[in-house]
Amino acid sequence: MAKKPKKPSIKPSKAILLGVGFDTDGHKRVTTGPNFALIGGTQETHDEMTEKAIKINEKLTHRGKQLHEVSSEEFDEIAHDVGLRRPPPSDKSE
């Protein structure tokens with residue numbers, strides 16, 4: 001008797017915060033957490049990115065949610081609370 005093909009399992013979606021520091025002092029810095037990866041930057045920049053990623057996780061925990069469960073509006077609100085700002089849209093008109 002032939003085996004039934006397995007149904008593809010649907011994995012829950014995941015989300016990750018990615019922080020990239022473009023300033024440098026010659027050191028290579030990488031910090032990872034449960035839902036974030038931070039790369040580059042000076043010590044000051046990297047520390048600031050780490051602090052904000054941790055604060056975002058704390059706010060998510062306080063709300064009883066994980067990163068992939070929040071809407072973009074809710075994420076913007078959390079990011080604003082920890083001091084992150086979305087850059088204004090660039091005017092690409094010619």
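No lab work stands behind these numbers, since they all come straight from the coordinates. Predicted, not measured: the structure shown is a model, and the values here were computed from it. Neighbour counts are summed over all protein chains in view; Cβ atoms, including those assigned to glycine, are modelled from backbone coordinates with ideal geometry.
See the values below:
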item: Antiparallel %, DSSP beta bridges [both residues in segment 17-81], to 5; result: 45 percent
item: Unsatisfied cross-links (Cα-Cα over 30 Å) in the set Lys14/Lys55; Lys28/Lys55; Lys14/Lys52; Lys28/Lys65; result: Lys28/Lys65
item: Crossing angle, helix 43-63 versus the chain [Cα axis fit, 0-90 degrees, rounded to tens]; result: 50 degrees
item: Share of alpha-carbon pairs per 10 Å distance bin for the chain, given as whole %; result: 13, 35, 26, 14, 7, 4, 1
item: Chymotrypsin sites (Phe, Trp or Tyr not before Pro) restricted to segment 8-86 and DSSP loop, no more than 10 other C-beta within 10 Å; result: Phe22
item: Degrees separating the helix 72-81 axis from the principal Cα axis of the chain, which is the longest one; result: 40 degrees
